[in-house]
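What follows is one structure encoded as structure tokens, with my remarks underneath.
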Amino acid sequence: MSIRWVLAAALCLLAAPLAAASVGETVADELGTLNPEELTVQYWAARSEEGRFDPGMCMYGYPIAKMGWHEPARKIFERCAEHGNPYAMPWAAWTEENGYDRPSNPVAAAEWDKKLAETGSALGQLNYGLDALRGHGVARDRALGKALVDRAAAAGEPTAKALVAADYDPEAVTPTADLAHYRQPQF
């Protein structure tokens, strides 16, 4: 028996399980997953349930949220933000603020805005400044709000510049916002 014949037979035996799956078919077993649905929203939504982080998931949070799958979108935004992706932080705040999959949580939204502001992001400074000006999710603090908005404006953030020009009136930059959403309780 030649060595070539032995190697060919061994390769055929090793390849037999792979041949059982048709081309492109996803097959999962104790060794792993053959042909996973990578690069689909379904794949990344399923991965959001796992505790692992993969930077590739970060670009799928937005389309998953727009599909109405808010729970996996929230998990993706949070996981990406927790791993230092500043672009996920405003979306994490957005999911907390709007409460599509659970009740709105302005405090958690303001925390995400604050974390983004602490990275030096002009958007984070603007958003956290608005939170402080409104007293939404944080204690109302006009001085802090103005200081944050001023930093964002100095960095060139156009909405922050407009807010400064409007004497820090949040309604000037969010005219279509639901006023009841930001109104302070009267009792």
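One table, with the values for the structure above:
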item	result
The range 58-81 residues that are touching a residue at least 40 places away in the same chain (Cβ under 8 Å), paired with ones that are crowded, with 16+ Cβ neighbours inside 10 Å (beta carbon under 8 Å, 6 or more apart)	none
Qualifying residues in the range 74-85 (those that are closer than 23 Å to L126 by Cβ and buried (at least 16 other Cβ atoms within 10 Å of the Cβ)) - the one nearest to the chain's Cα centre (by Cα)	F77
Which listed residue is surrounded by fewer than 12 Cβ atoms within 10 Å (Cβ to Cβ), within 28 Å of S121 (Cα to Cα) and modelled with pLDDT under 90, from G32, G24, G51, G99	G51
Residue in the range 62-71 that is out of contact with any strand residue (DSSP E or B) (no Cβ under 9 Å at 6 or more places or on another chain), under 27 Å from A160 (Cα atoms) and surrounded by 15 or more Cβ atoms within 10 Å (Cβ to Cβ) present	yes
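Residues checked against (1) closer than 30 Å to R52 by Cβ; (2) touching a residue at least 24 places away in the same chain (Cβ under 8 Å):
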{"position": "P90", "(1), (2)": "yes, yes"}
{"position": "D101", "(1), (2)": "yes, yes"}
{"position": "L116", "(1), (2)": "yes, yes"}
{"position": "L133", "(1), (2)": "no, yes"}
{"position": "L144", "(1), (2)": "no, no"}
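The values are calculated or read from the model by the stated rules, or taken from the named source; none is laboratory data. Treat the numbers as computed from the prediction; the structure is a model and nothing was measured. Glycine gets a Cβ as well: all are built from the backbone with ideal geometry, and neighbour counts include every protein chain shown.
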